1. Report every pair of residues separated by at least 6 positions or lying on different chains whose Cβ atoms are under 6 Å apart, first residue within region 484-509 and modelled with pLDDT under 75, second of a type in the set (S, T, N, Q) and exposed (fewer than 15 other Cβ atoms within 10 Å of the Cβ).
2. Quick check: anything in region 303-310 among the hydrophobic types (A, V, I, L, M, F, W, C), outside the structural domain of residue 155 (by the TED database), modelled with pLDDT under 60 and open to solvent by 20 Å² or more (accessible area, probe 1.4 Å)?
3. Would you confirm, using the coordinates I've provided, whether residue 164 is farther than 30 Å from residue 345 by Cα and at pLDDT 90 or above?
4. Can you name the residue in region 167-192 that is among the β-branched types (Val, Ile, Thr) and modelled with pLDDT of 90 or more and is also farthest from residue 264 (Cα to Cα) among such residues?
5. Give the residue that is farthest from residue 64 (Cα to Cα), with candidates limited to residues of region 74-99 that are open to solvent by 30 Å² or more (accessible area, probe 1.4 Å) and within 16 Å of the chain's Cα centre (by Cα).
6. Which of the residues spanning region 390-421 are under 11 Å from residue 497 (Cβ atoms) and within 28 Å of the chain's Cα centre (by Cα)?
7. For region 438-456, enumerate the residues that are more than 29 Å from the chain's Cα centre (by Cα) and of a type in the set (D, E, K, R).
8. Among the residues of region 401-427, count how many are closer than 15 Å to residue 362 by Cβ and assigned to a loop (DSSP other than H, G, I, E, B).
Amino acid sequence: MEERKGKQEVMCGTLDLSALPLGCITLIISFTSPRDACRLSLVSTAFNSAAESDAVWGSFLPSQYQALIPSSLSFSSKKQLYLSLCENPLLIEAGRKSFWLERMSGKKCYMLSSRDLSIIGSDPPEYRRWISTRGARFDEVAYIRRFRWFEIRGRISISMLSPMTHYKAYLVCKVRNFCGLQFFPVKLSVGVVGTEGSKRSAYLQPKKERRRWPYWQIGEEQPIPGDDVQFPKARVDGWLEVEMGEFFNEACVDDGELEMSALEIEGGIVKGDLIFQGIEIRSVTPNLCDSNLGLDSLSTAELDTAWESLLPCQYQDLIPTLDSFSSKKDIYLSLGGNPVRIEGGRKSFWLDRVSGKKCYMLSSRDFSIIRSGPPGYRRWISTRGARFDEVAVLLHVCWFEIRGRISISMLSAMTHYKAYLVYKVRNVYGFQFYPVKLNVGVVGTEGSKRVAYLLPRGRPPNDVQFPKARVDRWLEVEMGEFFNEECVDDGELEMSALEMEGCNRKGDLILQGIEIRAITPN
């Protein structure tokens, strides 16, 4: 394929592809993948128009996706909706499951909450409690204080999965004091109900913390782990996971159910302090990353070194339980999918999965909030779906000024960034009358300016934004942009939001933070 200079003609052999009708190009691209559509958008102007169209991105969305999206959310395009479903898992079925799309392929992925599982234990029900815990996707998780054996089973309809797709299931858990979990492995299985399925065996205690105990302390000989026995891997969100098994959905058993189980019924010793978040079912896509980066011909050691070069400097300080990752690639992919809290929980950090650029969210505890009225008109609360333990609520104000700063040295060099104010409105009032002035720039410079209403009303005037809904049920407005040339290494980037002109009463605004995202080409 070649492009003739100055004529925007794309040739494939003797066929001029640009001569095809736009609808034909759109239809062809809709039969590819999201990754291919992004690449094809760079071929020519006609291909870009087709690849960015709602017709193409609508074909990558699951059927009946409208039923999954709350009516309160709106998106400017099908592409924006697709990307939001990839980045922000959505709670479905009354909060019992979490749903998202795999970014490269558009395949459907799920997590079954512990409320959606059958959990049977040996001890009375009072030894199992439902608790809220930091970093969980769901309001409640199961905490088993004491048991001698347990059996966990979860099921999902095969019709909910993407056809012709390879899936793996993972048990996602936490352990507090590792009481008794180091002695005997758990038997794991994944398969269609009524069939034998794929089997695994795993200890729930990380390998580095496991030690052998004498016979007289546990009552029987402790087994020696074989080569086929797993140990849990750490996730950047602070949880552990073990692979339960795999399943290829050929879409020939549309009315069946996929069952995942975890059993530990042999040891008979007292164990406990185990927290179950759920079972995660992720699509497995072909490993395109290594070949795209020219890494497919490298040895294992060379490959690890190559992936480490894509990680940020001093990444070891950012990640808890680093030793539990099996490779540098696992660390990279985990940082690309699971934001990790840093600086005492005042910031959230992750990598853009495609480019490896650093991204952040500053919590409302990490920026300055000045407003009219006494201190009682601002409160700190915990709320569902937030990345941080607390968010700020402005109850009753006449004006406000928000300012957040981040060191430019923390950002990726030669990178285009945009900043977003992330917030929620409850019974909000007064914000529909006057727009907020937004600004992003190096401290001491004028910076990039925007104007936005925080509450939609009718059609926005020219050059004035309305907020966009995110699938995580928060709203965002773009504050401005910044290109980091890495020539001001010791400076600070400041982001501000001011509404000081109206002086009318307004309130009930919930501020989660300011998100700083790297913008990469399609």
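The values are calculated or read from the model by the stated rules, or taken from the named source; none is laboratory data. Predicted model, so just to flag it, every value in this text is computed and none were measured. When we count neighbours, we look across all protein chains shown, and the Cβ atoms used for this are built from the backbone with ideal geometry, even at glycine. Please note that ligands, DNA and RNA were not included when accessible areas were found on the heavy atoms of the full protein model with its side chains. Shrake-Rupley method; radii C 1.70, N 1.55, O 1.52, S 1.80 Å.
1. Pairs that qualify, where the first residue is modelled with pLDDT under 75 and the partner is of a type in the set (S, T, N, Q) and exposed (fewer than 15 other Cβ atoms within 10 Å of the Cβ), are 489/409.
2. No, every residue in region 303-310 fails to be among the hydrophobic types (A, V, I, L, M, F, W, C), outside the structural domain of residue 155 (by the TED database), modelled with pLDDT under 60 and open to solvent by 20 Å² or more (accessible area, probe 1.4 Å).
3. no
4. Restricting to residues being among the β-branched types (Val, Ile, Thr) and modelled with pLDDT of 90 or more, the top hit is 192.
5. 87
6. Result: 402, 403, 404, 419, 420, 421.
7. Listed by number, the list holds a single entry, 446.
8. Looking only at that region, the number is 1.
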